[in-house]
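Take a look at the structure below.
The values are calculated or read from the model by the stated rules, or taken from the named source; none is laboratory data. Keep in mind that this is a model prediction, so the values were computed, not measured. Cβ placement follows ideal geometry from the backbone for every residue including glycine, while neighbour counts extend to all protein chains displayed. Accessible surface is based on the protein model in full, side chains and every heavy atom, while ligands, DNA and RNA are left aside. Shrake-Rupley method; radii C 1.70, N 1.55, O 1.52, S 1.80 Å.
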Amino acid sequence: MRNIGMTGGIGCGKNKVAEMFNQLGFYTIDSDVSSRKVMEKGEPAYEKIVSVFGESILDEQGNILRKKLGHIVFNNKEKLKMLENIVHPAIYKYEKKERSKIFGRNDKAVVITHAALIIESKSIDKYDALIVISCPDEIQVKRVMQRDNFSEEKVKNIVYYQMPNAERLKYADFIIDNSSTLDDLYNEVKRVHNLIMQINYGEKHN
């Protein structure tokens, strides 16, 4: 159990949880960062995206304007599917290389890859286990409104289009509750970290 996926809805705290796992000694990969990497000029996904969506999605330097691309696919399932079919395989290849580098340096490493759509993209089978961060809808909405300065209506619309939390939890091997304070969240992360270490190496950590 060394290659672990982690997911959760918008505003559930994936980045914060990843930061805490880092502090406890696990390695983490952010699929948002991976997505940006594979869409850079010179990368295979870049050429495919431009050929499908046209040069209107590029800035003056020829870089992909991710927000503009996002607006094109957000309410268009067919175009979203086309984008996912290009980007998801490229991300998987990139992250596989990153994990290989980590395991090459540390043969006891545990790598947690966090992404919003692990379940929906059917990449769940590529991991030894799945962590789901759980958070009530109303807390998600409040956090995203504060973080991104979005209207309540806009955030609720985003949450509505995502997989419901209750459905996501059905796929979880480990659940982290992020509905309270940062101290409580750290205790949750530490609990899951300790469970994984015990399963892997029979080690207990206080």
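Under 12 Å from the Cβ of Gly11, count the other residues' Cβ atoms, weight Lys and Arg +1, Asp and Glu -1, and hand me the total.
Values: positive: Lys14, Lys16, Lys142, Arg143, Arg147, Lys156; negative: Asp137, Glu138, Asp148.
Overall, the nearby charge balance is +3.
Counting only GluC sites (Glu not before Pro) that are in a DSSP loop and have at most 13 other C-beta atoms within 10 Å, tell me the longest site-free stretch of the chain.
On the way: sites that count: Glu40, Glu60, Glu203.
Result for the longest clean stretch: 61-202.
Heavy atoms of the protein chains alone define the surface here; on that basis the chain has 58 Å² accessible area per residue at 1.4 Å probe size.
Just checking the listed ones, Asn85, Asn76, Asn165: in the Gaussian network model of the chain with Cα springs under 10 Å, the one fluctuating most is Asn76. When the helices of the chain are scored as -39500 (n - 2.57) per DSSP H run of n ≥ 4 and the total is divided over every residue, the value at 222 nm lands at -17000 deg cm²/dmol. For Gln198 and Val33, a Förster radius of 22 Å and the Cβ-Cβ distance give a FRET efficiency of 0.15, rounded to the nearest 0.05. Counting 0.36 nm for each residue step from Phe74 to Ser180 and taking away their Cα separation leaves a gain of 35.1 nm.
In this Cβ point-charge picture (+1 for Lys and Arg, -1 for Asp and Glu), the chain has a dipole of about 400 debye about its Cα centre. Given a Förster radius of 22 Å and the C-beta distance between Ile139 and Glu40 as r, what FRET efficiency does 1/(1 + (r/R0)^6) yield to the nearest 0.05? About 0.05, to the nearest 0.05. Put a dot 7 Å past the Cα of Met82, heading toward its Cβ, do the same for Ala109, and the two dots end up 3.7 nm apart. Per the Kirkwood formula applied to alpha carbons, the chain shows a radius of gyration over Rh ratio, Rg over Rh, of 0.98.
The chymotrypsin sites (Phe, Trp or Tyr not before Pro) of the stretch 142-206 that DSSP puts in a loop, and whose beta carbon has at most 14 other beta carbons within 10 Å, are Tyr171. In terms of distances greater than 32 angstrom between alpha carbons, the cross-link table entries Lys48/Lys190; Lys79/Lys190; Lys81/Lys108; Lys81/Lys156; Lys96/Lys154; Lys16/Lys170 yield Lys48/Lys190; Lys79/Lys190; Lys81/Lys108; Lys96/Lys154.
Test of the criteria: in the stretch 68-119, which trypsin sites (Lys or Arg not before Pro) are in a DSSP loop and have at most 15 other Cβ atoms within 10 angstrom of their Cβ?
Details: sites: Lys68, Lys77, Lys79, Lys81, Lys93, Lys96, Lys97, Arg99, Lys101, Arg105, Lys108; in loops: Lys108.
Passing sites in the stretch 68-119 are Lys108.
Full extension of the chain segment joining Asp128 with Arg66 gains 19.3 nm, where the gain is 0.36 nm per residue of separation less the Cα-Cα distance. For the stretch 138-206, the list of trypsin sites (Lys or Arg not before Pro) that fall in a loop by DSSP and count at most 14 other C-beta atoms within 10 angstrom reads Lys170, Lys204.
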